[in-house]
Amino acid sequence: MITVRAPATSANLGSGFDVFGVALSRPADVITVERAEETTIEVTGAGAQYIPEDPEKNTVGAVVEELDAPARIHIDKGVRPSSGLGSSAASAAGAAVALNRLYDRGLTRSELVSVAAEGEAVVSGVAHSDNVAPALLGGFTVTTADGTRAVSADIPLVVCLPDVALSTRDARRVVPETASMEDLVATVGNAATLSVGMCRSDPDLVGAGMSDPVVTPERARLITGYDAVHDAAFEAGATGVTVSGAGPSVVAACHGGERRPVASAMLDAFADAGIDARAYQTRIGEGAIVLDE
Ligand code: HSE
């Protein structure tokens with residue numbers, strides 16, 4: 001039996017749509033696997049009632065297929081589905097690490113990225129890797145068609161999760177098909193600024209690079225209270241604020257001492273909009289780790 005803790009992740013970070021991702025120190029899923037003739041999946045924890053246990057429909061079922069590794073699998077969800085915090089990616093990445101070990105498949109963490117991404121396709125229709133890459137490798141990741149680059153970075157973050165669900169499928173429908181050259185130039189500048197900030201673990205530079213004029217404005221419209229939450233976080237000391245992944249979570253970068261006031265301001269702004277929410281005071285963390293075997 002092998003147990004793995006796989007972290008929540010925040011993808012895009014504004015300027016890096018479908019490219020950037022970070023592992024979060026909390027929350028996380030815990031996945032336990034043991035060999036079996038036939039695969040069974042049991043899900044408990046946050047939002048478990050919304051997650052199918054049929055291996056054909058569960059993100060982890062695709063990972064089992066990819067690794068040819070049938071198992072009895074238990075997923076304890078710390079990361080609620082449809083949250084913008086890489087819920088399906090956490091389960092897929094955790095299962096990939098655990099099953100790779102259980103069956104001695106010998107794949108590296110980088111090789112497991114494409115395996116776990118197949119699980120993402122089950123949920124969103126697209127095998128994108130910007131959540132599974134940081135869930136496997138930790139730190140800040142940049143994923144392109146050529147593969148994934150990862151660097152460790154120490155940036156304090158707040159993620160505020162409103163008590164509403166937003167599916168990645170729906171959030172991808174509002175992504176514009178084209179962008180102007182002016183918006184492209186602004187986005188490249190922000191993405192480059194953010195990358196330098198990650199390499200220096202500099203919350204000011206990371207925050208300065210977290211906006212984009214193309215995708216985020218469209219997605220923000222799907223999140224009740226977003227503009228007020230965004231402004232409240234800045235007023236409380238955040239260095240940058242954007243939609244986390246496909247939403248509805250909102251992520252803010254800040255200096256360590258500002259996390260508590262930023263979290264509190266974001267919660268208050270959601271409450272003023274009539275939305276219950278919870279905030280995680282977190283930071284960029286490590287990838288999936290084996291807890292027990
Ligand atoms: N990059 C993806 C998106 C992440 O924004 O649609 C969601 O899982």
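Listed values, structure above:
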item	result
Global geometry of segment 168-293, whether rounded, prolate or oblate, following the gyration tensor of its Cα atoms and the 1.5 cut on a/c	rounded
Segment 115-173, accessible surface, carbon-and-sulfur percent (1.4 angstrom probe)	47 percent
Per residue solvent-accessible surface (Å²) - the chain, probe of 1.4 Å	41 Å²
Two-site FRET efficiency, ASP104 against GLU286, from Cβ-Cβ distance with R₀ of 30 Å, rounded to 0.05	0.80
Cα long-axis angle, helix 181-200 against the chain (0 to 90 degrees, to the nearest 10)	70 degrees
Prolate/oblate/rounded call for segment 1-83, Cα gyration tensor, a/c under 1.5 rounded	prolate
³J(HN,Hα) computed for each position of segment 157-163 - Karplus, 6.51 cos²θ - 1.76 cosθ + 1.60, integer Hz, glycine/proline x	9, 10, 10, 10, 10, x, 7
ASP272 paired with GLU177, simple spin-label distance in nm, labels 7 Å along Cα-to-beta-carbon	3.9 nm
Where labels lie 7 Å past Cα in the beta-carbon direction, separation of ALA192 and ASP170 in nm	3.8 nm
Degrees between helix 87-102 axis and first principal axis of the chain (Cα, 0 to 90, nearest 10)	30 degrees
Order by protection proxy (mean Cβ within 10 Å, highest first), peptides 130-141, 10-21, 43-54, 174-185	130-141, 10-21, 43-54, 174-185
Normalised contact order of the chain, rounded percent, pairs of Cα under 8 Å and 6 or more residues apart	25 percent
Karplus-derived 3J(HN,Hα), 6.51/-1.76/1.60, for each residue of segment 30-45, Hz, glycine and proline x	10, 10, 10, 10, 9, 4, 8, 5, 10, 7, 10, 10, 10, 10, 10, x
Degrees between helix 109-124 axis and first principal axis of the chain (Cα, 0 to 90, nearest 10)	80 degrees
Phi to ³J(HN,Hα) by Karplus 6.51 cos²θ - 1.76 cosθ + 1.60 over segment 205-222, Hz, x for Gly, Pro	5, 4, x, 5, x, 8, 10, 9, x, 9, 8, 4, x, 5, 6, 4, 4, 7
Of ALA95, ALA69, ALA246, the one that fluctuates the most in a GNM where the chain has Cα springs shorter than 10 Å	ALA69
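The values are calculated or read from the model by the stated rules, or taken from the named source; none is laboratory data. Small disclaimer: the values here were computed from a predicted structure and weren't measured. So basically every Cβ, Gly included, is an ideal-geometry build from the backbone, and we count neighbours across all protein chains shown. Just the protein is used for accessible areas: all its heavy atoms, side chains included, with ligands, DNA and RNA removed. Shrake-Rupley method; radii C 1.70, N 1.55, O 1.52, S 1.80 Å.
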